[in-house]
1. Suppose we filter N151, N164 for residues that are surrounded by 22 or more Cβ atoms within 10 Å (Cβ to Cβ) and of a type in the set (S, T, N, Q); which single one remains?
2. Only one of S432, S470, S475, S411 is more than 21 Å from L367 (Cβ to Cβ) and at pLDDT below 95. Can you tell me which?
3. Taking the condition of being surrounded by 16 or more Cβ atoms within 10 Å (Cβ to Cβ) and on the phi > 0 side of the Ramachandran plot, how many residues in region 633-692 meet it?
4. If you scan region 570-626, which residues turn out to be within 25 Å of S539 (Cβ to Cβ), in contact with a Phe, Trp or Tyr (Cβ under 8 Å, 6 or more places away or on another chain) and small (G, A, S)?
5. Assess whether W448 counts as being crowded, with 17+ Cβ neighbours inside 10 Å, among the aromatic types (F, W, Y) and under 31 Å from the mean Cα position of the chain (by Cα).
6. Residue by residue through region 647-670, note down the ones that are touching a residue at least 60 places away in the same chain (Cβ under 8 Å), outside any loop (DSSP other than H, G, I, E, B) and under 18 Å from G772 (Cβ atoms).
7. Do we have any residue at all in region 346-359 that's more than 33 Å from the chain's Cα centre (by Cα) and either assigned by TED's automatic domain parsing to the domain that holds N292 or at pLDDT below 90 (or both)?
8. Restricting attention to region 800-814, which residues are in contact with a helix residue (DSSP H, G or I) (Cβ under 6 Å, 6 or more places away or on another chain) and either part of a loop (DSSP other than H, G, I, E, B) or of a type in the set (S, T, Y) (or both)?
Amino acid sequence: MTTPLPISFFPFLLLIPAICFSICHANSNLLCIQSEREALLKFKNHLIDPSNRLSSWVEGGDCCKWIGFVCHNSTGYVNQLHLAAPPLSQPDFDAPLAEWEAYVRSKLQGKINPSLLELKHLSSLDLSSNNFSSIHIPKIFGLLESLTYLNLSYAQFQGAIPHNPGNLLKLQYLDLGGNDLKSKSLQWVSGLSSMQYLDLSYADLHKANDWVQLHLPGCDLEDVPSSISVNSSKSLVVLDLSGNFLSSVPKWIFSLHGLVSIYLSENSLEGPIPDYSGNISFLEVLDLSGWNHLNSSIPNSLYSLNRLQFLSLSGNYSVTHLYLSENQLNGQIPLSIGELSSLKLFYVSKNQLNGQIPLSIRQLSSLELFDVSENQLHGTFPLSIGELSSLEYLGFGYNLLGGVVLETHFSNLMRLITLAASHNRLRFEPNSSWIPSFQCEWIELGDWYLGPKFPQWLKFQKKLSYLDISNAGISDVMPTWFLNLPTPFEYLNLSFNQLTGGISYLNVRDTVDLSSNRLTGPFPRVLSTLRFLFLSNNSFSGSLSQLLCDSSSGKQMEVLYIDKNLISGDIPDCWSHCQDLNILNLGSNNLTGKIPPSLGYINLSMLNLRNNTMFGEFPSTLQNSTNLIMFDLSENHFSGSVPAWIGDKLSNLVILSLQSNNFDGYIPHNICDLQFLQNLDLAHNNISGVIPKCFNNLSAMATTNKTDKKVYGDSFYRFSWSALLVLKGREDEYGSTLGLLTSMDLSANSLTGEIPKEIGSLVGLLSLNFSGNLLTGNIPDSIGNIELMESLDLSMNRLNGEIPPSFSNLNFLNHFNVSYNNLTGQIPTSTQLQSFDNLSYVGNHHYGPPLTKNCASKGIPTDVANNGSSSEGNKVNSLYVSIALGFVMGFWGVVAPLFFIRSWRIAYYRMLDHICGKLYVCLGYYGYVV
């Protein structure tokens with residue numbers, strides 16, 4: 001019986017080409033065989049070599065010295081031919097354009113000449129990563145009987161897989177992955193008696209029903225046979241069926257006693273995990289992760305696998321493991337886990353496991369990785385964790401653990417590199433003089449209580465590059481020693497604490513989040529590599545120039561949040577070196593002036609200048625910001641008309657907020673071309689004219705199938721998108737649900753004419769506000785079609801007629817106002833319309849529920865006892881003087897500030913409107929009903 005190849009040997013196989021190249025020139029004193037040299041020149045003549053890689057292949061030359069060849073040391077026969085395209089120095093998306101173009105030119109093209117059959121001693125052939133897109137895999141490869149290694153991966157071969165490679169009895173390594181291949185049968189594989197590694201990744205094998213167990217990821221397999229009969233199966237070590245469409249875990253797989261690794265990830269597996277009953281005693285790896293839907297507890301039989309080294313039930317870990325990520329595993333982690341004495345990796349994150357972490361984990365003396373994050377574990381964090389001296393990765397974040405953690409929990413974790421434990425209910429109380437025994441590179445303790453002092457033990461973490469201690473109850477001055485740690489951070493999150501003081505310099509390469517603290521002073525200097533900077537909700541002051549206009553800082557900035565600070569002055573016109581900037585939030589500061597022209601020439605998807613004192617007309621340079629998704633200029637002093645080019649140039653807009661400015665003119669019809677627009681806010685301006693009928697073309701508002709993909713784009717930005725929207729009668733900030741909201745607010749303008757019936761086609765609207773305009777005519781019956789509407793405000797217009805009966809379909813309304821119009825008739829009967837109080841209908845001529853007759857006494861109280869007797873006459877003059885003084889003081893103390901301070905004025909008028917509404921109901925409306 002063939003001895004199974006150790007799994008650790010497979011990476012070595014991949015190094016064979018590199019080893020071959022390293023000895024390529026070991027035959028400098030040996031001439032190759034003439035017949036083989038002639039055969040190779042014929043082979044070259046049928047190839048296309050754009051980069052002239054084969055320039056050394058010349059007539060009369062020694063082929064043992066040609067690039068890509070290895071000759072036998074004693075006979076001179078060519079036994080290795082390696083012509084794989086040279087790899088890029090970095091991933092495709094990071095490679096410079098010139099290097100990428102050179103890589104494309106280096107790919108060989110053309111045809112494979114049968115002259116290769118003259119190489120009778122050829123044992124290794126590598127043509128991977130070239131471009132043979134116009135041909136099938138030549139059948140001659142199946143006639144090279146000496147081959148032990150054949151690599152044709154990612155060479156763009158097409159068509160059917162030839163069957164004659166099954167004749168290669170010596171072949172140990174065959175890689176056909178990454179091509180456009182298909183096969184109706186894999187019976188030929190059974191003839192590969194020496195095979196140790198086979199890769200058919202991404203081949204179309206959905207019509208093959210006689211397949212065997214090998215490397216077959218991404219092959220469109222939909223089902224598996226109930227049993228197999230392959231003579232070589234006992235020597236099979238690795239079975240990879242990942243990325244197919246299997247619906248269940250085939251139980252017969254576990255009758256293959258020699259299997260060391262089983263990969264079934266990214267299928268459509270359902271139901272429970274089979275109980276393996278100890279049939280796979282050699283198993284080290286079981287991968288059932290990603291896009292599967294397994295929903296059982298972990299079988300006890302898995303805990304009897306005494307050779308198991310890597311137990312992973314979730315996550316994205318790339319070493320050998322038992323892997324069940326993104327499933328719905330439940331139940332508890334049993335005490336029997338302590339029996340896995342060889343276990344090195346325990347990875348059960350992203351499931352629904354409950355209960356406590358068992359104390360028996362102290363028996364796992366070889367454990368290197370322990371990750372139970374993103375489950376529902378509760379109780380305390382066991383002290384026995386501190387006994388795992390081999391532990392390098394400790395993850396238990398996003399659970400329900402509580403209680404106090406002491407320094408003894410980490411007493412023997414001398415090899416710990418990663419501590420990922422955010423989002424629990426834990427309180428860390430180490431001794432003030434504690435010096436950790438570990439040197440971590442990654443620490444996540446967000447939502448722990450670490451304060452009130454800044455954690456002094458971090459001073460001793462000399463290798464720290466990733467730190468999250470957000471929302472940790474720290475109320476302290478930012479310590480100088482922390483900002484001067486020797487190793488630059490890659491990621492630093494200190495948000496939602498009470499840190500004070502100033503920061504002169506941030507030694508962070510990639511991401512900084514200092515938002516929601518009490519930091520003061522000028523902006524810190526940052527590294528040129530910094531990509532994400534969050535300084536929101538602090539008290540940073542000064543101008544933006546010191547942060548943005550230094551050409552040596554922020555060159556690679558992609559996200560910049562510095563809203564809710566004390567920034568003053570104009571926005572500097574120095575954005576030309578910020579070409580990577582994607583999200584810019586400068587809202588709620590003291591900025592003045594106009595929008596600088598250079599801001600319109602960067603690739604922004606979000607621009608927020610809300611709540612400043614900026615002015616000027618709509619900046620024309622923003623026509624160039626064609627990728628804008630969110631654009632917010634609200635609560636400023638911008639003026640002029642809303643330009644028509646918004647609909648033409650900013651076609652990707654999802655959120656457009658221009659409210660509380662001085663814009664005038666008409667609503668341009670081009671806005672109707674914004675197919676992705678979900679939130680339109682033009683409220684509190686001086687806009688006139690009619691509501692465009694073409695609003696029914698706003699297709700994102702006309703669908704109930706909302707999605708946040710268009711809003712957020714890259715998943716990383718999901719945490720940073722936010723916007724203030726007026727919904728349900730109040731202004732709130734929306735973040736993670738922003739892409740699911742649709743609203744239109746045209747209130748407090750001078751719009752005239754009727755409400756177009758086409759508005760009723762916007763069935764995806766959750767909020768509609770046309771209040772405070774000069775609209776006339778009847779309320780369109782079609783508005784009742786917007787059945788998901790939660791907020792509707794048509795108040796303070798000149799509408800007449802009745803409330804349409806179709807409004808009884810609006811079952812989700814929780815804010816409704818049609819007050820101060822000329823509406824008549826009975827209020828339609830529905831659960832929602834009768835749930836609002838009189839203020840929603842005041843100022844009309846309605847009747848019926850919910851209106852009531854009991855408000856207050858019809859009479860006006862008088863003082864009957866005093867009939868204006870003469871004894872009060874001598875007090876009249878002093879009364880008049882008091883009234884006059886009171887008027888003067890009242891005007892300058894209240895009325896004048898209301899005139900000059902806009903926020904006071906808005907708040908006052910809202911309060912006055914509320915009081916007048918109640919008086920109207922209790923006096924005027926009562927008289928009308930009677």
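The values are calculated or read from the model by the stated rules, or taken from the named source; none is laboratory data. Quantities reported herein were computed from a predicted structural model and do not represent experimental measurements. Cβ: placed from backbone, ideal geometry, glycine included. Neighbour counts: every protein chain shown.
1. One residue alone meets the criteria, N151.
2. S432 is the lone residue from the list that is more than 21 Å from L367 (Cβ to Cβ) and at pLDDT below 95.
3. 3
4. If the condition is that a residue be within 25 Å of S539 (Cβ to Cβ), in contact with a Phe, Trp or Tyr (Cβ under 8 Å, 6 or more places away or on another chain) and small (G, A, S), then G593 is the only one that fits.
5. Spelling it out, W448 is indeed crowded, with 17+ Cβ neighbours inside 10 Å, among the aromatic types (F, W, Y) and under 31 Å from the mean Cα position of the chain (by Cα).
6. S657 - this is the single residue of region 647-670 that is touching a residue at least 60 places away in the same chain (Cβ under 8 Å), outside any loop (DSSP other than H, G, I, E, B) and under 18 Å from G772 (Cβ atoms).
7. Yes.
8. P804, S806
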